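Nothing in this text is a laboratory measurement; each read-out follows from the coordinates by a stated rule. These numbers come from a predicted model, not from an experiment. Don't worry about glycine lacking a Cβ; one is built from the backbone with ideal geometry, like all the others, and counts go over all protein chains shown.
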Amino acid sequence: MHLYKTMKNFLMDFDYYIDLYENKIHVFNYTDILKLTDEEVLLAMPLFTLHLKGNQLRVKQLEKREILLEGMIEQVNFKR
């Protein structure tokens with residue numbers, strides 16, 4: 001059972017994923033929104049904090065553990 005669960009997690013990427021698009025970022029499986037302004041967003045992830053900086057950042061779509069942000073994204077950092 002452990003091998004099945006490991007393979008499924010690897011193939012389906014359930015831990016988290018981050019997709020970057022032109023002027024958008026999609027984050028799946030964040031644990032908390034620590035800061036949300038039009039210039040800075042901090043998202044708590046399972047193993048790190050995702051720090052986004054930019055201009056005119058806004059939430060385009062928000063669901064449980066999933067967020068789509070839109071705006072001029074200038075910087076993306078990971079902090080452990």
To the nearest 0.05, how large is the calculated FRET efficiency for ALA44 and GLU22 if R₀ is 35 Å and r is the Cβ-Cβ distance?
0.85
Mind checking the full-extension length gain between ASP32 and LYS53? Use 0.36 nm per residue of separation minus the Cα-Cα distance, one decimal, nm.
5.8 nm
Over the chain, the sum of -39500 (n - 2.57) across DSSP H runs of at least four, divided by residue number and rounded to 500 deg cm²/dmol, gives at 222 nm -4000 deg cm²/dmol
Residues ILE67, ILE18, sorted so that the one with the fewest Cβ neighbours within 10 Å comes first:
ILE18, ILE67
Expected sort for LYS79, LYS64, LYS24 with the fewest Cβ neighbours (10 Å cutoff) up front is LYS64, LYS79, LYS24
In degrees between 0 and 90, to the nearest 10, how far off the longest principal axis of the chain does helix 2-12 point, with axes built from Cα atoms?
30
Final fewest-first order of ARG80, ARG58 on the 10 Å Cβ neighbour count is ARG80, ARG58
Need one word for the chain: rounded, prolate or oblate. Basis is the Cα gyration tensor (sqrt eigenvalues a ≥ b ≥ c); a/c below 1.5 gives rounded, then a/b vs b/c decides.
prolate
Which value, in debye to the nearest 20, describes the size of the charge dipole of segment 16-79 about its Cα centre when Lys and Arg Cβ atoms bear +1, Asp and Glu Cβ atoms bear -1, and nothing else is charged?
160
Total lysine pairs under 19 Å (Cα atoms) in the chain, excluding pairs fewer than 8 apart on one chain
9
